[in-house]
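Only the coordinates and a few stated rules stand behind these numbers; no lab work does. Since the structure is predicted, the reported quantities are computational estimates derived from the model, not experimental observations.
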Amino acid sequence: MEKKESPEDAVEYPIGDELDLHTFQAKDVRSVVEEYLYQCKKRGIREVRIVHGKGIGTQRKIVHSLLAKSPKVLSFAEAPPELGGWGATLVRIRVDQTIEEVFMEMKIGKSKLFLVRGDITKADTEAIVNAANSSLMGGGGVDGAIHRAGGSAVLAACKEIVAKQGRCPTGEAVITTGGNLPAKYVIHTVGPVWHGGDRKERELLSNAYRNSLAVAKEEGLSSVAFPSISTGAYRFPIAEAARIALTTVRDFLEENEMEEVRFVLFSEKDLAVYQEMLQEVMGGS
Ligand code: AR6
């Protein structure tokens, strides 16, 4: 969002107030929003509301695509009902956000649920969850990345667990040190391989999320980051996996308090699926 500093270039908006886009034409929305956010940022405002007409799909799309692409400053979420419901977008300006951009944030009870795009090995939550296999000896995908970044201490701890209790069954979870990772712990869980849906895949995927959260709770952890379990090598269809993941986490947070649960999605495409599904899951439809 490069802008000139010249005063004639700067439109003054009532900062701290909301920006109402109803009266603007769709083609002007982009520049109006950019200018508004620029002004807010300059004055150190970190949170604003952007309201667009309910059901004005074009405006909504522009606002969302604009925010999703803005470098480092922005996160946004559909505004909660007390702030105008699904017609409004709540924008948070995070000037200090560098590693991950928060794309969506929801409150469930006292807990926060975030959707971000990024690399889970960089996540600074207390624990990150690994989409492992039953051997716990590492593998490809996110498992490989976590073992590489965590180092030999993670594998050594996995070996110890396997020596004591054997392989980790599908849907179960175990916890080890995070080794060299920013996260202190890794919770290793095993998602199901997708075989078409007749082999309890849905139930097992839900178990993987729930048991990971249960382990985190047992250890008294307050923040956990998840990847999209089973949707890579294990071929679970992503939209359905996202629904199960988000529903399971929502249900857990309705019963248990945790400071933060974060989904770290590796690709824009996966993020978009989770975003859409989160709205559906939280909207109760
Ligand atoms: N950060 C976040 N997400 C990632 C990262 C990363 N660094 N790398 C990949 N993903 P997969 P699965 C995403 O295949 O389907 C392993 O070999 C990836 O884009 O890692 O549960 C294990 O050892 C995808 O969306 O896990 C098992 O044998 C998601 O993580 C098997 O794969 C999951 O993809 C497990 O398969």
Open item on the list: With N set to the number of residues, divide the alpha-carbon radius of gyration of segment 206-285 by 2.2 N^0.38 Å and report two decimals.
Closed with: 1.06
TODO: Would you grab the residues whose amide H sits under 5 Å from the one on H188? Only those 5+ places off in sequence or on another chain, please, with H modelled 1.01 Å from N.
DONE: N130, V174, I175, T176
- [ ] For S111, list long-range residues whose amide hydrogen, built 1.01 Å from N in the peptide plane, is under 5 Å from its own amide hydrogen.
- [x] M258
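Quick one: length gained pulling E280 to E257 fully straight, 0.36 nm per residue minus the C-alpha distance?
Details: separation 23, 0.36 × 23 = 8.28 nm, distance 2.20 nm.
Answer, rounded to one decimal: 6.1 nm.
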Task: Above-threshold pairs, the threshold being 29 Å between Cα atoms, out of K27/K107; K110/K200; K122/K269; K61/K112 - done: K27/K107; K110/K200
- [ ] Give the dimensionless ratio obtained when the Cα radius of gyration of segment 140-256 is divided by 2.2 N^0.38 Å.
- [x] 1.05
